[in-house]
Amino acid sequence: MFTAKALGSPAVPPRRSVPVWLIPMLWTHALGLWGLSRQNSVWRDEAATWQVARRSTAETVRLLENVDVVHGCYYLLMHGLFSCFGPGTTTLRLPSVLAMGVAAACVAVIGRRLAGAVAGLAGGMAFGLLPAVQFHLQEGRPYALVTAGAAIATLLLVTVVRGRAGAVHWVGYGGAVLVCGLLNWLSLLMLPAHLVTLVLTRAGRGVWARWATASAVAVAGVAPLALFSQGQAAQVSWIPPLTWHMMIGPAVLLLIAGVGAVLERPRAGRVSVAAVGLPLLAVPQLGLIGASLVQPLFLERYVLFSLLGLALLIGTAVGAAVRAVRPRLPEVSRWLLPATVAVATVALLPQSLAVRSPASRVDDVLAIASDVRRMKKRTGGAVLFVPAARRDTASVSPEAFTGLRDIALSESPEASGTLKGVEAAPDRIRAAMLSQRRILLVTDAPGTARPVTAERDRVKISVLRGHFRPVADERVRGRRVTVYERLVPAR
């Protein structure tokens, strides 16, 4: 009997398995690309990114001196992307999609190293399905990039704690923390989470010393930004104080962390998913709650990266279930992970569809621009914005406002180094309005409008109500555009 070797045939190369991180990364990318344009809608937070990314570098630096310095690095990044690929919803959101894919891959690698391939694969797949992750997966804001940086930093920490570290790992760790801090300095809350991990794993003195050095360098690099941003604290004055209703979400996550601690029972000195995932899930949440008792800051997107810990715990639970079933029902265990992912995907499908619709956000800056194009033909060339921040529609879609004169504006957003520009004094706005025959007003729809507090806005509303009447009105996706016509004085 002749064999292939005897006949001189080339040996069949061994089959290579697919890397465990590749499937979760591609899965998360697919979820991100699904409905990426959200029916060509852009809401007010993304509009800030859009309009700043279209400014020159000098104009952006001038803006950061007055507002949004915490997002300065992200704005400069998006400016480069807009310059290379042009403005659009794909350019705006694709960085977040790619970043979340990297985060999912890191979760898979951490899970595989600490709990096996099934746990890693399940954790990476679960990460992309988490509702908060799906929401920010398609956001033109920096929070997905922060999550990716935190995932890389956590992966590097696991590597060094397991005794496989070199100088390059510590440099990478410090660099990842530094970049995260420059994108959003509240991401430094990952450091106390990592500190708890070092305590639970009983890291050696050398690891402690190098971790302290890398962390100190990163904090020192972020400190000037954090201190300078305190002068712009009025930007977050709209965040409400903590309430019991706001605490429901964090309470659920902390409960999961508590249950995970009971089930996993992290052993001192052992690098486990519990020692890594539980602190990463719980500590940033508790830290932000504590900071919010001093100044209201609690927004779940500020600690979005803590969901990395939740995904690790979910993956470990699925991996444990597969191991428990495998001895008795090996065929069933083979299909348990795909079945779990399929059931979770179907169960979350309504939520997944909801976050990909324009109605999932407060308003739509682009949708109202088409109404402005059509309705401006009925005006005498004058436009007003209430509040002034609604001028973002003109900044994102300037071509829609061609031929319209902003009669309240005294200095443009670009020239003034602001997002909404500088408006004239109330008496001058009143005089300019009374000289018009027709005025187009862009404002919030009733369901999303806040009480008018600025004196200039109160003057605009007062003059329109007393001297004008609406002749055309359109409302779409949280925005409203109305054409007002001057009342004819009675003889």
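The values are calculated or read from the model by the stated rules, or taken from the named source; none is laboratory data. Here the structure is a predicted model, which means the values were calculated and not measured. Don't worry about glycine lacking a Cβ; one is built from the backbone with ideal geometry, like all the others, and counts go over all protein chains shown. The accessibility values were calculated without ligands, DNA or RNA, using every heavy atom of the protein model including side chains. Shrake-Rupley method; radii C 1.70, N 1.55, O 1.52, S 1.80 Å.
Quick check on my filter: what residues within the stretch 438-461 are of a type in the set (S, T, N, Q) and either more than 38 Å from the chain's Cα centre (by Cα) or loosely packed, with under 14 Cβ neighbours inside 10 Å (or both)?
Correct list: Thr453 only.
Scanning the stretch 446-463 turns up at least one residue that is over 30 Å from Val69 (Cα atoms) and charged (D, E, K, R).
Looking only at residues of the stretch 369-396 that are surrounded by fewer than 21 Cβ atoms within 10 Å (Cβ to Cβ) and not in a helix (DSSP H, G or I), we find that the one that is nearest to the chain's Cα centre (by Cα) is Pro387.
Would you mention how many residues in the stretch 176-205 are of a type outside the set (Val, Ile, Thr) and open to solvent by 30 Å² or more (accessible area, probe 1.4 Å)? Before you say what the answer is, go through the steps one by one.
Initial filter on the stretch 176-205 (of a type outside the set (Val, Ile, Thr)): 176, 178, 180-195, 198, 200, 202-205.
Next cut, open to solvent by 30 Å² or more (accessible area, probe 1.4 Å) only: 178, 182, 185, 188-189, 192, 195, 200, 202, 204-205.
Adding up the residues that qualify gives 11.
Each residue in the stretch 283-317 was checked for being of a type in the set (A, V, I, L, M), surrounded by fewer than 24 Cβ atoms within 10 Å (Cβ to Cβ) and assigned to a helix (DSSP H, G or I), and 8 of them qualify.
Of the helices (runs of 4 or more DSSP H) lying entirely inside the stretch 95-186, those carrying at least 1 residues that are among the hydroxyl-bearing types (Ser, Thr, Tyr) and modelled with pLDDT of 95 or more are 143-161, 167-183. Across the stretch 52-97, the number of residues qualifying as touching a Phe, Trp or Tyr at 6+ places or on another chain (Cβ under 9 Å), open to solvent by 10 Å² or more (accessible area, probe 1.4 Å), within 18 Å of Gly421 (Cα to Cα) and of a type in the set (Val, Ile, Thr) comes to 1.
Using the structure shown, decide if Ile429 is assigned to a helix (DSSP H, G or I) and in contact (Cβ under 8 Å) with a residue 24 or more places away in the chain.
Working: assigned to a helix (DSSP H, G or I): yes; in contact (Cβ under 8 Å) with a residue 24 or more places away in the chain: yes.
It is true that Ile429 is assigned to a helix (DSSP H, G or I) and in contact (Cβ under 8 Å) with a residue 24 or more places away in the chain.
Residue check: Ser435 meets all listed conditions (1) open to solvent by 80 Å² or more (accessible area, probe 1.4 Å); (2) touching a residue at least 12 places away in the same chain (Cβ under 8 Å); (3) more than 30 Å from Ala53 (Cβ to Cβ) but one, namely (2).
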